[in-house]
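Only one structure is covered here, and it is reproduced in the block below.
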Amino acid sequence: MLPRWLKKSVPVIDATQPVRQVISDLKLNTVCRSAHCPNLNECFAAGTATFLILGNICTRNCSFCAVDKGIPESVDATEPERIAEAIVRLGIKHAVLTSVTRDDLPDGGAEQFVATITAIRRRAPQVTIEVLVPDFLGKESAIEQVLTAAPNVFNHNLETVERLYPRVRPQADYRRSIQLLDFAKRHHPNLVTKSGIMVGLGEEKNEIISLFETLVSVKCNILTIGQYLQPSVRHLPVEKYYTPAEFEELRLLGLNIGFDWVVSSPFTRSSYHAEQVVRQIQPMNENNI
């Protein structure tokens, strides 16, 4: 049974209908749906969503994630324009783009990120853009492709501590992910970088601190921390439910270690309240946002 602080009220379904209709009309994917995000109704009711590009089938088999796994379809060249159209129709001011991991593509899908950023800038130049990217198998040419498109926020999630990678993210590599964030900051010093983790998978306090210190050492600006929730019986079980007080303790710890901004709560996810975070951090990074 879930603890009481993990029970949410559900918005009136009519409030979510405008976003649902646009997504349906334009045949778009969202990570909100594909990953079974607990904040879906809240975000849809607020008129926003996190767009999932490159289809909705992932080439990796992470044991925490609800996104479908298997053989992806071919890249849809019309997808960037449809996403730009959705952003215009919904009046979104801060667009968040993510993707399934596409290890089957030579560039890991970097070109589609660039095309989508370009389409949004053409249709809605006032919109700020945040990308949550896969690791591109560490290919610097692919990472640089996305960076050259100048997103306002560049996010790559570590998801968990290094020790748990073989169990939680068997096809990923903790050091490769750190190197990706380091590469982004070294080559684009004014870029706002961001990462996120889940807790409740069996991590230890000292491991969390080490992760924080490593991210700060590569000048990561923003950190998100949320509770892992088991999507189904086929996924990893929850080892611990952190209390709201423990999340606040982690938030303060992250700030003390050196992040510019930390969002930490049971329902925090990478793009949860992303626009508010960007507006808060804006005075610190006027050159980029």
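The values are calculated or read from the model by the stated rules, or taken from the named source; none is laboratory data. What you are looking at is a predicted structure, and each value in this text was computed from that prediction instead of being measured. Note: ideal-geometry Cβ built from the backbone for every residue, glycine included; neighbour counts use all protein chains shown. In case anyone asks, the SASA skips ligands and DNA or RNA and just uses the protein heavy atoms, side chains included. Shrake-Rupley method; radii C 1.70, N 1.55, O 1.52, S 1.80 Å.
Residues that are in a loop (DSSP other than H, G, I, E, B), open to solvent by less than 20 Å² (accessible area, probe 1.4 Å), polar (S, T, N, Q) and under 22 Å from residue 130 (Cα atoms) occur in the range 217-230; there is at least one.
Of the residues making up the range 83-97, just one is open to solvent by less than 30 Å² (accessible area, probe 1.4 Å) and in a loop (DSSP other than H, G, I, E, B), namely 92.
Looking only at residues in the range 99-137 that are open to solvent by less than 10 Å² (accessible area, probe 1.4 Å) and in a strand (DSSP E or B), which one is nearest to residue 68 (Cα to Cα)? Applying the filter and picking the extreme gives 131. Filtered by the rule that a residue be open to solvent by 40 Å² or more (accessible area, probe 1.4 Å) and of a type in the set (Phe, Trp, Tyr), the range 231-265 gives 241, 261. Close contacts from the range 233-252, counting a first residue that is closer than 10 Å to residue 266 by Cα and a second that is hydrophobic (A, V, I, L, M, F, W, C), with Cβ to Cβ under 6 Å and a gap of 6+ residues or different chains, come to 242/199; 244/5. Total residues in the range 145-172 satisfying the condition of being open to solvent by less than 50 Å² (accessible area, probe 1.4 Å), over 26 Å from residue 115 (Cβ atoms) and assigned to a helix (DSSP H, G or I): the figure is 3.
Of the residues making up the range 78-123, those that are in contact (Cβ under 8 Å) with a residue 12 or more places away in the chain, farther than 10 Å from residue 53 by Cβ and not charged (D, E, K, R) number 19. Among residues of the range 43-64 that are over 26 Å from residue 9 (Cβ atoms) and touching a residue at least 60 places away in the same chain (Cβ under 8 Å), none has a beta-carbon under 6 Å from a residue that is assigned to a helix (DSSP H, G or I) and open to solvent by 30 Å² or more (accessible area, probe 1.4 Å) at least six positions away or on a different chain.
In the range 33-82, the qualifying residues are those that are part of a loop (DSSP other than H, G, I, E, B) and of a type in the set (D, E, K, R), and the one that is least open to solvent (accessible area, probe 1.4 Å) is 60. Can you say whether residue 210 is of a type in the set (Ser, Thr, Tyr), at pLDDT 95 or above and open to solvent by less than 10 Å² (accessible area, probe 1.4 Å), as far as the supplied structure shows? In short, no. Checking every residue in the range 62-75 against the condition of being of a type in the set (Val, Ile, Thr), at pLDDT 90 or above and more than 17 Å from the chain's Cα centre (by Cα) gives at least one match. Scan the range 180-207 for residues that are of a type in the set (Val, Ile, Thr), more than 25 Å from residue 241 (Cβ to Cβ) and open to solvent by 10 Å² or more (accessible area, probe 1.4 Å) and the total you get is 0. Being more than 19 Å from residue 97 (Cα to Cα) and in contact (Cβ under 8 Å) with a residue 60 or more places away in the chain holds for only one residue in 190, 157, 152, and it is 190.
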